[in-house]
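Read the structure below first, then the notes.
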Amino acid sequence: MKLRVPCMQCFQEQGHPSDELMSVELRDDGLLNITCQNGHATVTAIQEQKYELLFELAVMALLDGYPREAATGMAASLERFYEFAIRTLCAKRGIDDSAFIAAWKLVANQSERQFGVFIFAYMLEAGTPPPTIDEAKPTHIAGQDWKNRPWKEFRNSVVHKGYMPSVSEAMAYGELVFNHIKELTIWLSENCSEALNKVAFSRVAVAHNEAAGRLISTMSIPTLLSRTREGFPARTFMQAVEELKQYKPRMHHP
Ligand SMILES: [Zn+2]
């Protein structure tokens with residue numbers, strides 16, 4: 001995916017945003033290296049988290065007619081959300097981020113381990129196990145046999161067995177993941193807001209290391225799962241998808 005972004009150095013020098021928007025490919029680390037037509041080389045850090053961007057890409061894939069790619073992306077988004085939640089819960093305990101990174105290396109290649117860590121990290125904070133979606137079952141998908149099987153099997157079939165879901169199945173799975181992440185994000189905001197902000201801004205710190213003297217700026221793009229967007233707690237999945245249809249042409253470049 002490419003994003004349309006302005007040059008922040010032109011903005012600074014001219015006092016207003018430049019008319020020229022550059023199309024820059026989104027990288028895994030969320031940092032955009034930009035060189036404008038005036039030769040300014042700058043770095044822009046996307047404030048949104050990895051799980052948000054993955055979920056956004058997944059829903060765009062769904063809108064573009066690729067339900068299998070969408071479901072795979074939604075599953076990846078949820079795994080990265082659990083990582084984000086664990087990192088936040090560690091930060092709340094005063095654990096240094098470098099210690100978190102060292103520990104994460106030990107579980108980085110196995111998502112089942114990561115899920116286990118999430119369950120107990122959540123319980124240390126809340127005193128109860130977290131809500132989970134693995135054993136939930138689809139309730140309203142016509143023409144498919146998933147009604148009797150849990151979502152965990154759906155996810156594994158898509159990710160590991162090449163199962164090709166229908167658009168309505170991917171939509172229902174998206175709604176499930178969206179509501180689950182939303183519920184947990186609200187819980188994190190209410191219980192760990194300081195740690196949450198600290199972890200959320202860690203990308204900017206990485207940008208400072210990478211910038212090597214270049215101008216650094218941060219940029220926020222709307223995503224379906226942005227907790228800082230107005231109306232986040234009340235917005236339904238279908239409402240969020242409708243809003244994405246509106247802002248997609250302005251923000252994203254195929
Ligand atoms: Zn410029």
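Whole number please: convex hull volume per residue of the Cα set in the chain, in Å³?
144
Can you tell me the FRET efficiency between Ala103 and Ser189 if r is taken as the Cβ-Cβ distance and R0 is 25 Å, rounded to the nearest 0.05? Walk me through the intermediate numbers first.
Working: r = 24 Å, r/R0 = 0.96.
Rounded to the nearest 0.05, the efficiency is 0.55.
Hey, what angle do you get for helix 237-251 against the long axis of the chain, alpha-carbon based, 0 to 90 degrees rounded to 10?
Result, in degrees: 20.
In Å, the Kirkwood hydrodynamic radius of the range 50-200 over pairs of distinct alpha carbons?
Result for the range 50-200 stands at 16.2 Å.
Let me check against my output: what whole-number percent is the relative contact order of the range 107-234, with C-alpha pairs under 8 Å and at least 6 apart?
Dividing the mean separation by the residue count of the range 107-234 yields 14 percent.
Any chance you could list the semi-axes, whole Å, largest first, of the equivalent ellipsoid that the Cα gyration tensor gives for the range 1-44, using √(5λ)?
Semi-axes (√(5λ), whole Å): 19, 10, 8.
Suppose all protein chains stay in the model; what accessible area per residue would a 1.4 Å probe give for the range 50-200, in Å²?
49
Any chance you could look up the accessible area of His16 with a 1.4 Å probe, heavy atoms only, rounded to 10 Å²?
90
For Asp96, what accessible surface area do you get with a 1.4 Å probe? Give it in Å², rounded to 10.
About 100 Å², rounded to the nearest 10.
Calculate one ³J(HN,Hα) per residue across the range 89-96 by plugging θ = phi - 60° into the Karplus curve 6.51 cos²θ - 1.76 cosθ + 1.60, and present them in order as whole Hz with x for glycine and proline.
Per residue, the Karplus-derived 3J(HN,Hα) values read 5, 5, 4, 5, 7, x, 6, 5 Hz.
Specify whether the C-alpha gyration tensor of the range 1-125 places it in the rounded, prolate or oblate class, a ≥ b ≥ c being the square roots of the eigenvalues: rounded for a/c under 1.5, otherwise prolate if a/b is larger than b/c and oblate if not.
It is oblate, given that a/c is not under 1.5 and a/b is not larger than b/c.
If DNA, RNA and ligands are ignored and the probe is 1.4 Å, what is the ranking of Glu48, Glu135, Glu83 by accessible area, most exposed first?
From most exposed to least exposed: Glu135, Glu83, Glu48.
Any idea what log10 I(q)/I(0) is at q = 0.14 Å⁻¹ for the range 34-77, Debye with uniform C-alpha scatterers and no solvent?
Result of the Debye calculation: -0.47.
Suppose a student asked you for the relative contact order of the chain, using Cα pairs under 8 Å spaced at least 6 residues apart; what percent would you report?
Relative contact order of the chain: 27 percent.
Check cross-link reach from Lys152 to the aspartates and glutamates: straight Cα distance under 15 Å, and skip same-chain residues fewer than eight apart.
Candidates past the 8-residue exclusion: Glu79, Glu112, Asp134, Glu135, Glu169, Glu175.
Just the number, please: carbon plus sulfur as a percent of the accessible area of the chain, 1.4 Å probe, no ligands or DNA/RNA counted.
53
At R0 = 41 Å, how high is the FRET efficiency between Asp19 and Asn148 if r is their beta carbon distance? Nearest 0.05 is fine.
0.15
Pick out, from Ala91, Thr42, Pro17, the residue whose Cα sits farthest towards the positive end of the charge dipole of the chain, with +1 on the Cβ of Lys and Arg and -1 on the Cβ of Asp and Glu.
Of the candidates, Ala91 comes out farthest on the positive side.
Cα convex hull of the range 48-113: how many Å³ per residue?
Looking at the range 48-113, the number lands at 79 Å³ per residue.
List, in the order given, every pair from Lys2/Lys245; Lys2/Lys248; Lys50/Lys161 whose Cα-Cα distance in the structure shown is over 21 Å.
Working: Lys2/Lys245 16 Å; Lys2/Lys248 11 Å; Lys50/Lys161 25 Å.
Lys50/Lys161, as the Cα separations exceed 21 Å there.
Can you give me the solvent accessible area of Met1 with a 1.4 Å probe, rounded to the nearest 10 Å²?
Result for Met1: roughly 60 Å² accessible.
The values are calculated or read from the model by the stated rules, or taken from the named source; none is laboratory data. Given the structure is predicted, the values throughout are model-derived calculations rather than measurements. For neighbour counting, all protein chains shown are included, and Cβ atoms are generated from backbone atoms with ideal geometry for every residue, glycine included. For accessibility, only protein heavy atoms count, side chains too; no ligands or nucleic acids. Shrake-Rupley method; radii C 1.70, N 1.55, O 1.52, S 1.80 Å.
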